[in-house]
1. Among the residues of the range 291-300, is any crowded, with 16+ Cβ neighbours inside 10 Å, within 21 Å of the chain's Cα centre (by Cα), assigned to a helix (DSSP H, G or I) and at pLDDT 70 or above?
2. Suppose we keep only residues that are touching an Asp or Glu at 6+ places or on another chain (Cβ under 7 Å) and under 14 Å from I8 (Cβ atoms) within the range 205-229. Which one would you say is surrounded by the fewest Cβ atoms within 10 Å (Cβ to Cβ)?
3. Mind checking which residues of the range 260-301 are on the phi < 0 side of the Ramachandran plot and of a type in the set (S, T, N, Q)?
4. Within the range 483-492, can one find any residue that is within 30 Å of D375 (Cβ to Cβ) and at pLDDT below 90?
5. For the range 71-92, give me each residue that is surrounded by fewer than 23 Cβ atoms within 10 Å (Cβ to Cβ) and in contact with a Lys or Arg (Cβ under 7 Å, 6 or more places away or on another chain).
6. Show me the strands (runs of 3 or more DSSP E) found entirely inside the range 377-456 where at least 3 residues are buried (at least 19 other Cβ atoms within 10 Å of the Cβ) and in contact with a helix residue (DSSP H, G or I) (Cβ under 7 Å, 6 or more places away or on another chain).
7. Looking at (1) at pLDDT 95 or above; (2) among the basic types (K, R); (3) surrounded by fewer than 16 Cβ atoms within 10 Å (Cβ to Cβ), which one does K111 not meet, given that it meets all the others?
8. Kindly indicate the residue of the range 317-333 that is modelled with pLDDT under 75 and of a type in the set (S, T, Y) and also nearest to G40 (Cα to Cα) among those meeting that condition.
Amino acid sequence: MSNDRVLIFDTTLRDGEQCPGATMTFEEKLEVADLLDELGVDIIEAGFPIASDGDFEAVSAIAKRIKNATVCGLARAGNNDIDRAGEAVKHARRGRIHTFISTSPVHMKWKLQKEPDEVLQLVIRSVIRARNLVEDVEWSAEDGTRTEFEFLCRCVEAAIKAGATTINIPDTVGYTTPEEYLNLFRSVRENVPNSDKAIFSVHCHNDLGMAVANSLAGVKGGARQVECTVNGIGERAGNAALEEIVMAIKTRGDAFPYDTRIESTMLNRASKLVAAATSFPVQYNKAIVGRNAFAHESGIHQDGMLKHTQTYEIMTPESVGVSKTSLVMGKHSGRAAFKDKLKSLNYSLGENQLEDAFVRFKALCDRKKHIYDEDIEALVDEGIATAQDRVKVLSLLVVAGTMGPQLATLTLDIDGQHKTVQSTGNGPVDATFNAIHALLPHEAKLALYQVNAVTEGTDAQAEVAVRLEDTKSGRLVTGKSADPDTLVASAKAYIVALNKLSAERVQGFHAQHVSL
C-alpha cells in the first residue's frame with residue numbers, strides 16, 4: 001500500500017449501532033453493508049458476533065455477500081469472543097478479527113481489575129488465537145490515549161510480534177487533542193522496534209467535538225487507517241464522521257496529501273440510508289450531508305453565490321451527491337436572491353413591481369418560518385392582479401369562538417380614503433363578509449367560497465377563492481388571495497372579486513357608449 005493511501009474502516013454497523021436507540025434490523029444491516037461496499041469502504045466492521053445470535057447472523061450474512069471490502073468482527077480478549085468472531089467472518093473473501101483490551105490505569109483497575117502484566121499476557125494470547133483463525137488481525141488498546149506511554153509501547157510491540165497486522169490506538173472517551181494525538185502516533189512508531197510491520201489506525205470519539213480533527217491529526221502522525229461512521233453516529237457524542245474525513249482529505253489536499261478510494265458522490269445517499277435505518281435524523285447544520293450544508297439564506301451570501309459559487313462554497317454539492325446549491329428564501333434574503341428566484345419561476349417584473357413584491361415578501365417572512373416557491377408565486381400573482389385595484393384591505397380584526405355572534409372590525413382603502421366598520425355574523429367568515437358589504441354596498445351574490453393550503457404545515461398560507469355573481473347581468477367573477485391568516489385571505493379574495501366586478505361595469509359602460 002502506498003504511503004499516501006488512507007484506509008477507511010467503517011464501524012457504522014458496530015460502534016454506530018451501539019448508539020442508544022440506533023439498532024437496525026437484519027435486513028437494514030444488509031442494505032447498509034451493500035451500500036458501504038459500493039461506496040468504496042475498505043473495511044466494514046459488521047458487528048460484535050458474541051453479543052447476540054442476531055449480531056452473529058448479521059456479520060455472517062454480510063461476510064458471505066460483500067464483494068470488495070474486508071469484513072470484520074469485533075471480539076474482546078477472551079477465547080469465546082475470538083472464536084465466535086472467527087466463525088462469523090470465515091466465509092468472507094477477506095475476513096478480519098478485531099480484538100481489544102483496555103490498557104489505561106483507570107480501565108485496568110476498575111473495569112478489568114487486572115495488573116498490567118496480566119493485561120499484556122492477554123494481548124499476546126488473544127492476538128495469537130485470532131491469527132490462528134484469520135490472516136488479518138487488528139488489535140486495539142482501549143482507552144489508548146489515557147494509557148501510560150511505556151506500557152502502551154510494550155503492548156503494541158507484543159501485539160505485532162504475536163501477529164497483529166493493524167494496531168489501533170483509540171481515543172475511546174474523546175479526551176485527547178489533535179496535537180497530542182499526532183505526537184502519540186509519531187512517538188509510538190519511533191519507539192516500537194517492529195512498528196513498520198503493521199498499519200496504525202485511529203478511532204476517535206466526539207465527546208469534546210474533536211473526533212474528526214483528532215483523526216486527521218493521527219493520520220499526520222503516521223496512521224493509515226481511519227475508523228469512522230456514517231453521519232458520525234456512535235456511543236455518547238458519536239464517532240468521527242466518515243463523510244467529513246473523506247471530504248477534508250479531498251478538499252484540502254494541500255494540508256492532507258492523502259487519498260481514499262471512497263466514491264464521494266455517494267456520501268449523501270449513504271447518509272440518508274443510515275439516518276432512515278437507525279431513525280436518527282441528521283442535524284440540519286451537519287457538515288457535508290446536513291440539509292443546510294449547501295443552503296444559503298443570508299442576503300450577502302446569496303449575492304456572493306450568484307456572482308461566483310466559490311465565494312461561499314469550498315466544494316460543489318454534486319461532489320457529495322447533492323443535486324444543487326439551495327438559495328433559501330427567508331427574512332435574511334436580499335433583493336438579488338429574490339430577483340433570481342423570480343427569474344427561476346419565470347416572472348419578469350418592472351422595478352416598481354419588484355420593489356412592491358419584495359416588501360410584501362419580507363412581511364410574509366416575518367409571519368411564516370418556511371417560504372416555499374408556491375408562497376412566492378401566490379404573493380407575486382396577487383400583487384400583479386391587484387396592482388390597479390381601487391379598493392384594498394388595510395386591516396382586519398376578528399373575534400371568534402363558541403360564544404357568538406362573531407365580530408369583525410375591517411378597515412379598507414377605498415380610492416385613497418380609509419374607512420372602518422364593525423359587523424357581526426354567524427361565524428368569522430360571515431362577519432368579515434358582512435363588514436365588506438357594509439363598507440361597499442352591492443347586490444352581488446356569493447356563488448363560491450373555497451379554501452386550500454398553498455404549502456404544508458400549520459403556518460401554511462391559505463389560498464382562498466371567492467366567486468361572485470352579478471345578480472343583474474349574471475356575470476361571474478372570481479377573486480383569489482393568499483395569506484397565512486385564512487380570514488385575511490378571505491377578505492382580500494372577496495375584495496379582489498368586487499374590484500373585478502366594478503372594473504367590468506366601467507368597461508361595459510365605455511363599450512356601450514362607444515357603440516352609440
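1. The answer is no, given that none of the residues of the range 291-300 is crowded, with 16+ Cβ neighbours inside 10 Å, within 21 Å of the chain's Cα centre (by Cα), assigned to a helix (DSSP H, G or I) and at pLDDT 70 or above.
2. V212
3. Once the filter is applied, which keeps residues that are on the phi < 0 side of the Ramachandran plot and of a type in the set (S, T, N, Q), the range 260-301 yields T260, S264, T265, N268, S271, T278, Q283, N285, N292, S298.
4. Yes: one or more hits.
5. Correct list: N79, H91.
6. Answer list for the range 377-456: 391-399, 406-414.
7. Of everything listed in (1) at pLDDT 95 or above; (2) among the basic types (K, R); (3) surrounded by fewer than 16 Cβ atoms within 10 Å (Cβ to Cβ), K111 misses just condition (1).
8. Taking the candidates together, the pick is S323.
The values are calculated or read from the model by the stated rules, or taken from the named source; none is laboratory data. Quantities reported herein were computed from a predicted structural model and do not represent experimental measurements. As a convention, Cβ positions derive from the backbone with ideal geometry for all residues, glycine included, and neighbour counts pool all protein chains shown.
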